[in-house]
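Participant: Sharing a structure, written as C-alpha cells. Questions coming.
Here, each number is a calculation from the coordinates, and none is a lab measurement. This one's a predicted model, so the numbers in the text were calculated from it and none came from an experiment. Here the Cβ positions follow ideal geometry from the backbone for every residue, glycine too, while neighbour counts run over all protein chains shown.
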Amino acid sequence: MAACNYQAASAAPARASTFKDYSLSSDVLFAFGKSGYADISPSGRKAIRELVTQLRTSHPNLEQIEVIGHTDPIGKPAANHALGLKRAHTVRRLLVDGGLSAADIKVSSAAADDLVTQGCKGSRAEQVACHAPDRRVVVRVDLLP
C-alpha cells in the first residue's frame, strides 16, 4: 500500500473565538460515494445523536450552525461538490431530527478544496484508503461573543 501523509486539521479555524468545528468522518457516516438519509450507518446515526447532545450541553446559546461536506479528490470536481452538498444536507436533517432548530442550520460543500492528506498514490483502492480522512462532514458552530 502506498504511503499516506496525513496532517490533522486544526480543531478550529483562525477565528477560534467565534467558531468551533466538530469533524465527523464520512466513512463512519456513509459508505464510499454514498450521501442519502438511508445511507447513514448505525454508527453514523449514533455519532450525530452524541454530537446533538454535546452541542446542546456545551453551546446552549447557539447562534448559527454550518454543515460543510468535504470529499476526496477522486472523481470529477462537479460530482464531488454535489456529493459534499448532499452529505451536508443529510447531516443537517439528522441534526434537525435530533431537535436542533432548522432555521439555525445552513449547508455548504467544500468538495475536495480542503484536503487533509497529501501524496496519495497507487491503485484506486489505495487512493480510496489513503484519502479517507478527506471524506468528512464538519459541523461549524458560531459561538456568541
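Participant: Convert each backbone phi in region 89-97 into a coupling constant with the Karplus relation 6.51 cos²θ - 1.76 cosθ + 1.60 (shift: θ = phi - 60°), then list the ³J(HN,Hα) values in order as whole Hz, x for Gly and Pro.
Facilitator: In residue order, the calculated couplings are 4, 5, 5, 4, 4, 5, 5, 5, 4 Hz.
Participant: Cα to Cα, under 28 Å, and not fewer than 8 places away if on the same chain: which lysines meet these conditions relative to LYS46?
Facilitator: The reachable lysines, counting only those whose Cα sits under 28 Å from LYS46, are LYS20, LYS34, LYS86, LYS106.
Participant: Roughly how big is region 17-142's charge dipole about its Cα centre, with Cβ charges of +1 (Lys, Arg) and -1 (Asp, Glu), in debye to the nearest 20?
Facilitator: For region 17-142, the charge dipole is close to 340 debye.
Participant: Right, another one. State, as an integer percentage, the relative contact order of region 17-142 based on alpha-carbon contacts under 8 Å between residues 6 or more apart.
Facilitator: Taking the mean separation of contacting Cα pairs over the length of region 17-142, I get 39 percent.
Participant: Another one. Tally the DSSP beta bridges in region 54-145 and give the antiparallel ones as a percent, rounded to 5.
Facilitator: About 55 percent, rounded to the nearest 5.
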